[in-house]
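Below is one structure, written out as structure tokens; the observations come after it.
Computed from the coordinates by the stated procedures, all read-outs in this text should not be read as laboratory data. Predicted, not measured: the structure shown is a model, and the values here were computed from it. Cβ: placed from backbone, ideal geometry, glycine included. Neighbour counts: every protein chain shown.
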Amino acid sequence: MTDGWNIVVCVKQVPDADEVSIDPETGILNRADAEAVMNSPDYNAVEAALEVRDVVGGTVTAVTMGPASADEVLQVAVGMGADNAVLLTDRAFGGSDTWPTSLALARAAEELDADVVFGGEETTDSSTGQVPPGIAAHNDWAQLTYVEGLEPRPEEDRLVAKRDVEGGYERVAADLPVVVAMEFGENEPRTAGLHRKIYAETDFEPVEWSAADIGVEDEVGLAVSPTQVGGMATAEPVPREQEMVEGVEELADHIVEVL
Amino acid sequence: MAAGADADTAADVEAHSDVWVFVEQHAGDVAGVTWELLGKGRELADQKDEDLVALVMGEAVRETDIPEEAIARGADRVLVADDPAFEPYRADPYGEQFRHLVEVRKPDIALIGGTHTGRDFAGRVAVPTHAGLTADTTELEITDEQYEMRRPAFGGDALATIICPNHRPQMSTVRPGVFDAPEPDESQEGAVEDVEVVVGEDETLTEVLEREVGDVADITDAEIVVAGGMGLEGDVDPLWDLADLLGGEVAATREVVEEGWIEPARQVGQTGKTVRPKLYIAVGISGAIQHVEGMDDSETVIAINNDANAPIFENADYGIVADYADVLPELIEILRERLDAQEVTA
Ligand SMILES: Cc1cc2nc3c(=O)[nH]c(=O)nc-3n(C[C@H](O)[C@H](O)[C@H](O)COP(=O)(O)OP(=O)(O)OC[C@H]3O[C@@H](n4cnc5c(N)ncnc54)[C@H](O)[C@@H]3O)c2cc1C
Ligand SMILES: Cc1cc2nc3c(=O)[nH]c(=O)nc-3n(C[C@H](O)[C@H](O)[C@H](O)COP(=O)(O)OP(=O)(O)OC[C@H]3O[C@@H](n4cnc5c(N)ncnc54)[C@H](O)[C@@H]3O)c2cc1C
């Protein structure tokens, strides 16, 4: 592969974690009030994708599945340096759990002839972390999750990753194509240069694909989703004394009390 | 493959029964969350009058005492898939073997530890079998013959109930420390069965080049936890001193773990461990929702932070607004004297 790798990076639009509130009467989440932002772990995914492109050559295509307004997260990715972007948007996607979500992204990755697909560790809204392994499973591709660092080996058509495992680490070599989920916080995402940022927000237009464009119109949405959200409640805060003490002696009293 | 081909054919729900628990082991060491899941699984199997089945994969695991221990921890049956392809762990052979067993034996529910291993391969079972996969369940109960899985979302601000009406198995990952592990009971009886191995080295997509794993600390059962945050700026020695003095374990926030100041196995929170100690002392921790989620069930929480507005104080019983560097040495001094005095009088 002389002309580098086709790199795809999946980014998701989520409500700003600090601004989500829940209506105490209805128990319904006020996602609409919160500003929509790019999922913070996805910055690490975009950065990793760009770093691999810088070493191996090729292109980085950012992909998101969401409403038309989700093109904002594609602008973020393009601002950081992604070459192209695809917006998967269709009413048919509504109500999808991780099974059809990862199917749609898997088909898009196939359509883009991806060698490597990057994703974040998990999202800050529904946080399943199941989408990247789901993409790999739908396509029967290799996967590398909780990745701390990467060594591309284009001459072998392989990608080697350092993975975080309980009690240590491992280095795993995967055959291409491969899906990589970066561990959150493991690299320093670059900031968008001013010119690139202006380009991303003004001239740049993502490609738009419907469910039919990737051949999944009958395989997405609520109807094919095995899981359903049956209800949502505000997590009740645990009642605490919330007593402030003046001195260390008093603090010691409370500790000895418990012992 | 063609997982999508039968996308809208729901499973024959009636044909599925039994509670399965995945036994996570690496080179013969079993991850503690396994025993927690067997404890919960036993409860569910008794309620449904079904079998609790433990699934062990690895190389030469048949000769270890893992199958027997699974029985002592509640399993009625243990399925063993023994092959060099399963050691060390890789997602593709684990997923493929588990998928095969699920398709042939049709469990109603399968519980998998929410570790980096379990969260890695669970999707490779759920996708091809079109099973429902719930992430990070913290409460699990049966209502009208149907499993209801509750899980935190939005960093822990909300608790969502996930159901899986038309697909089987109902799968879920569960983070370590969420359920209680029962003590083993050697008088329990059960059957161990070797299963057909359906994967071979030729079909694997990955190769483990190197694996470096040391002792893994287990903080989930600690009665006393002394946890440190970014406010310590890496000065973690006083945490260890305080934990040693009180006979407790040291824990940390995710940021501290990322800095490498404290090992990852000691991370508390949404993406780490859940702890339920009698006493949780939070030092230089802001109290982000993702952290609080992992320590909210502590009996008594004490917070030391130099910012009176830090959210950790809303989640604490007793708090002191001060620099940790002033508080900890004095606190250790006072506690040492008091504990010595107690020992003398005792
Ligand atoms: C409260 C709640 C709980 C839920 N619980 C479950 C559950 O337990 N099981 C289940 O199957 N579904 C669940 N869902 C549905 C699930 O949230 C959606 O399918 C969601 O679109 C994808 O899951 P995630 O946000 O957890 O992604 P994760 O798997 O956490 O995301 C990991 C990475 O995948 C990529 N990615 C994820 N989504 C997209 C996207 N739309 N576009 C581009 N890239 C993406 C990103 O790189 C991201 O960093 C739940 C939904 C809600 C509202
Ligand atoms: C998807 C996702 C998953 C996450 N999972 C987890 C998780 O499992 N666990 C977790 O912990 N976090 C998790 N986080 C990160 C979390 O959001 C917070 O960023 C993190 O908990 C903050 O760590 P901290 O309290 O150590 O640091 P900070 O928020 O920086 O707080 C440091 C505190 O120390 C205080 N301080 C400073 N100097 C002193 C001093 N001299 N004396 C006393 N106090 C001092 C400050 O006032 C401040 O309150 C997750 C985030 C995401 C996005």
Mind pulling the angle between the C-alpha long axis of helix B:33-48 and the longest principal axis of chain B? Nearest 10 degrees, somewhere in 0 to 90.
60 degrees
Please give the length that would be gained between B:Glu299 and B:Glu337 if that part of the chain were fully extended, namely 0.36 nm times their separation in residues minus their C-alpha to C-alpha distance (nm, one decimal).
11.2 nm
Rounded to the nearest 500, what is the 222 nm mean residue ellipticity of chain B from helices alone, with -39500 (n - 2.57) per DSSP H run of 4+ residues and division by all residues?
-8000 deg cm²/dmol
How shielded is B:113-122 by partner chains, expressed as the average number of their Cβ atoms within 10 Å of its Cβ atoms?
5
Quick check on the protein assembly as shown: of the DSSP beta bridges with both residues there, what percent are antiparallel, nearest 5%?
40 percent
Given chain A, longest segment not containing exposed loop trypsin sites (Lys or Arg not before Pro) (DSSP; at most 16 other Cβ within 10 Å)
A:32-189
Just tell me which lysines come within less than 26 Å, Cα to Cα, of A:Lys162; anything on the same chain fewer than 8 places away is out.
A:Lys12, B:Lys273
Note to self: C-alpha centroids of segment A:214-245 and segment A:179-211 sit apart, in Å, by 27 Å
Which distance in nm do the two modelled labels at B:Val13 and A:Lys197 give, with both placed 7 Å along the Cα-to-Cβ direction?
5.2 nm
Given a cut-off of under 8 Å on Cα pairs at least six residues apart, what relative contact order in percent is computed for segment B:56-154?
20 percent
Under a Cβ-Cβ cut-off of 14 Å, what is the net charge of the residues other than A:Glu201 that fall near it, where Lys and Arg count +1 and Asp and Glu count -1?
-2
Principal semi-axes in Å for segment B:191-292 [√(5λ), Cα gyration tensor, largest first]:
35, 18, 13
Net charge within 10 Å of B:Asp76 by Cβ-Cβ distance, Lys/Arg positive one each and Asp/Glu negative one each, not counting B:Asp76 itself?
-2
Filter the GluC sites (Glu not before Pro) in segment B:293-323 down to the DSSP loop ones having no more than 12 other Cβ atoms within 10 Å, then list what survives.
B:Glu299
Loop-resident chymotrypsin sites (Phe, Trp or Tyr not before Pro) in segment A:152-259 with no more than 15 other Cβ atoms inside 10 Å, DSSP not H/G/I/E/B, are none
Using a 10 Å cut-off on Cβ to Cβ distances, tally the other chain neighbours for every residue of B:292-302 and report the average as a whole number.
3
What distance in nm separates the simple spin-label points at B:Asp46 and B:Asp326, each placed 7 Å from Cα in the Cβ direction?
5.3 nm
Taking only the alpha-carbon atoms of segment A:5-229, what semi-axes of the equivalent ellipsoid follow from 5 times the gyration tensor eigenvalues under a square root, in whole Å, largest first?
26, 20, 19
Other protein chain Cβ atoms within 10 Å, averaged over every residue that makes up A:169-177
6
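Just for chain B, what percent of DSSP beta bridges are antiparallel, to the closest 5?
20 percent
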Quick one: give the max-minus-min coordinate of the C-alpha atoms of segment B:4-90 along each principal axis, largest first, in Å.
39, 34, 18
Out of all DSSP beta bridges with both ends in chain A, state the antiparallel percent to the nearest 5.
45 percent
Only Cα pairs under 8 Å and at least 6 apart count here; give the relative contact order of segment B:174-307 as a rounded whole percent.
24 percent
Can you report the principal axis dimensions of segment A:113-259 using only the alpha carbons, biggest first, rounded to whole angstrom?
66, 41, 40
Scaled radius of gyration (Cα, divided by 2.2 N^0.38 Å) that the protein assembly as shown gives:
0.97
Given a cut-off of under 8 Å on Cα pairs at least six residues apart, what relative contact order in percent is computed for chain B?
14 percent
Provide the net charge surrounding A:Gly57, with neighbours chosen by a C-beta distance below 12 Å and charges set as Lys +1, Arg +1, Asp -1, Glu -1.
-3
Among B:192-203, B:23-34, A:243-254, how do they line up from the highest to the lowest mean number of other beta-carbon atoms within 10 Å?
B:23-34, A:243-254, B:192-203
Which values of log₁₀ I(q)/I(0), to two decimal places, follow from the Debye formula for chain B at q = 0.07, 0.08, 0.13 Å⁻¹ with a uniform point scatterer at every Cα?
-0.34, -0.44, -1.02
When the scattering of segment B:224-345 is computed by the Debye formula from its Cα atoms alone, each counted once and equally, what is log10 I(q)/I(0) at q = 0.16, 0.17 Å⁻¹?
-0.69, -0.78
Can you give the three extents of the C-alpha atoms in segment B:2-203 along their principal axes, from longest to shortest, in whole Å?
42, 41, 34
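Filter the GluC sites (Glu not before Pro) in segment A:178-235 to those in DSSP coil with at most 14 other Cβ atoms within 10 Å of their Cβ, and list the result.
Details: sites: A:Glu183, A:Glu186, A:Glu201, A:Glu208, A:Glu217, A:Glu219; in loops: A:Glu183, A:Glu186, A:Glu217, A:Glu219.
For GluC sites (Glu not before Pro) across segment A:178-235 that sit outside H, G, I, E and B with at most 14 neighbouring Cβ atoms in 10 Å, the list reads A:Glu217.
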